Amino acid sequence: MERLLSLSVIESPLLYAFYALSALAALFLVLRAGLRWRPTGRAAASAGEGGSPSRASQLPPWRKWLLTAAAAVAGGALAGAVVLFVSEVMLDVFGLPLDSDTRVWVVCAFAGVGLAAVSLWRSRWWRKAVAVLAAVLFIATAALGINNGYGLNPTLGAMLGINLTKHLTLPKLNPVHRSGLESALWQAWKPPAGMPAVGRSGAVTIPADASGFHARDAFLYLPPAALVANPPDLPIIVMMMGQPGGPEQSKSAVRELDALARQNHGLAPLLLTIDQLGNPYRNPVCVDSPKGNVYTYVTTDVVNYIRKNLNVATDRTQWAVAGYSNGGECALSFAAKRPEIFGSMLSISGELDPVDGSPENTIATIFGGNEAAFTAEKPSTILKAHTYTDELAIFTSGAIDPQYGPQSATAAAAAKAAGMTTQRFVGAGIGHRGDAVTYGLKTGFPVLFQRFGLAHR
């Protein structure tokens, strides 16, 4: 079972096998073998009496079936379009416009189910069974296609929300700490013999003693320099992914950090990707509320876990908070509220406001109907109330992200007006998918390396 859940579903043989099987299933349902034209019943009687049968009865059965199948496919596609309109436009279920290929997959899935449903009509039992299996296959293929487009869940287990990441054994705490920040770490660091070529990553459980928040296991990356006998006190990045999503989605960051570590003698920050949702289908918007005390969890429980268990630097300039989409808004909010903890912030296509669905729903379900409390939690409000010094804020987004691109620009302007040192990056041809995460990591991490003193300027 573990091997099955570990199968790659991004541009993989499994994905293309589903594409091919769906195409064959659709072809099989359309080509109903054994349908031949033979006048029967009234048509036969009329023909025998010299009369002319009706136009419809003159159609061969195979042509009647093709017309019926075409109508079923069109009806299914129309039903899919209606579902998309209601969920995306009227109810705003997803909180952002869906990409065109996602809409195509949804419409195709409904069209396929329509074809499968009509194939149950006047068919043998085994063809009915094939039709039912085909309907399931069409839905699964659409789900795989949509997931492949977004590129955030690399394995079947991740796509199904099943975390197979093994727990990580933490290195012993180093009793000797680097004092002060008189020089950049890259200047003083001499990699010892036997240092691993790559880092190590895995799941860790963070006790929620102060918050009581029911978070999923976090995902921790330890760079090569953290795995030696007497590791230096390294910087740390606390990261959050989008919604729906989970900590294991940050595995792409491991490749980027390992690549940067190879360029810098094994030096890289620790990366702790935490769960700010508790459930991929819930959004507590990173505040303390009836949906969960997320703010206390991050700023108290997570911070205490890091300080007690990991070899990290204590200076605020060596701590950063980062996030993608929903996690990006959380990152900006935590950096704005707690600059004494986080000296840097990276928002990758981050949301502008702490919103669960619509502002109206957020005010009702998170803030108990108190609109003023909702306004007070907006990062723009928090930024206006403070003046920041020595706070780095990095904002990345895609040029073809019509919703979160402008929001990132607005957030960057507000951070700059509040005194933060801001850097803004916009990726050509980048949307709001896995490509946005990859772009944000590749542009934001090198800036943080400079901030942390891990790379030669």
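Key figures
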read-out: Proximal charge balance of residue 421 [Cβ under 9 Å; K/R count +1, D/E count -1]; value: -1
read-out: Calculated from backbone phi, Karplus (6.51, -1.76, 1.60) coupling profile of the stretch 284-292 in Hz, x at Gly/Pro; value: x, 6, 6, 10, 7, 7, x, 7, x
read-out: Amide H partners (placed H, <5 Å) of residue 239, local residues excluded; value: 272, 273, 274, 322
read-out: Proximal lysines relative to residue 172, as straight alpha-carbon distance under 29 Å, when same-chain residues fewer than 8 apart are discounted; value: 190, 251, 308
read-out: Reduced Cα scattering model of the stretch 124-218, Debye log10 I(q)/I(0), q = 0.13, 0.21, 0.25 Å⁻¹; value: -0.85, -1.15, -1.28
read-out: Bins of 5 Å, starting at 0 and running to the largest distance - Cα pair percent for the stretch 273-362; value: 3, 14, 23, 27, 18, 9, 4, 1, 0
read-out: Sparse-neighbour loop sites [trypsin sites (Lys or Arg not before Pro); the stretch 260-365; at most 14 other C-beta within 10 Å; DSSP]; value: 282
read-out: From phi via Karplus (6.51, -1.76, 1.60), per-residue ³J(HN,Hα) for the stretch 362-372 in Hz, x at Gly/Pro; value: 5, 4, 6, 8, 9, 10, x, x, 8, 5, 5
read-out: Any cysteine of the chain lacking a neighbouring Cys Cβ under 4.7 Å - listed by number; value: 108
read-out: The stretch 302-341: Cα Rg divided by the 2.2 N^0.38 Å rule of thumb; value: 1.23
read-out: Spatial separation of Cα centroids for the stretch 113-167 and the stretch 361-397, in angstrom; value: 40 Å
read-out: Candidates per GluC sites (Glu not before Pro) in the stretch 320-357, loop by DSSP, up to 16 other Cβ within 10 Å; value: 340
read-out: Estimated [θ] at 222 nm from DSSP helical runs (n ≥ 4, -39500 (n - 2.57)) normalised by residues in the chain, nearest 500; value: -13000 deg cm²/dmol
read-out: Equivalent ellipsoid semi-axes - Cα gyration tensor, the chain, angstrom; value: 54, 25, 18
read-out: Cα-Cα P(r), the stretch 331-457, percent of pairs per 5 Å interval; value: 2, 12, 19, 20, 19, 16, 8, 3, 1, 0, 0
read-out: Convex hull of the stretch 162-316 built on C-alpha atoms - directionally averaged projected area, nm²; value: 9.4 nm²
read-out: Sparse-neighbour loop sites [trypsin sites (Lys or Arg not before Pro); the stretch 162-254; at most 12 other C-beta within 10 Å; DSSP]; value: 166, 172
read-out: Within straight-line cross-link reach of residue 442, aspartates and glutamates at Cα separation under 14 Å, skipping those fewer than 8 residues along the same chain; value: 256, 258
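Quick note: the coordinates plus some simple rules give every number you see, no bench work behind them. This one's a predicted model, so the numbers in the text were calculated from it and none came from an experiment. Positions of Cβ are backbone-derived with ideal geometry, glycine not excepted, and every protein chain shown enters the neighbour counts.
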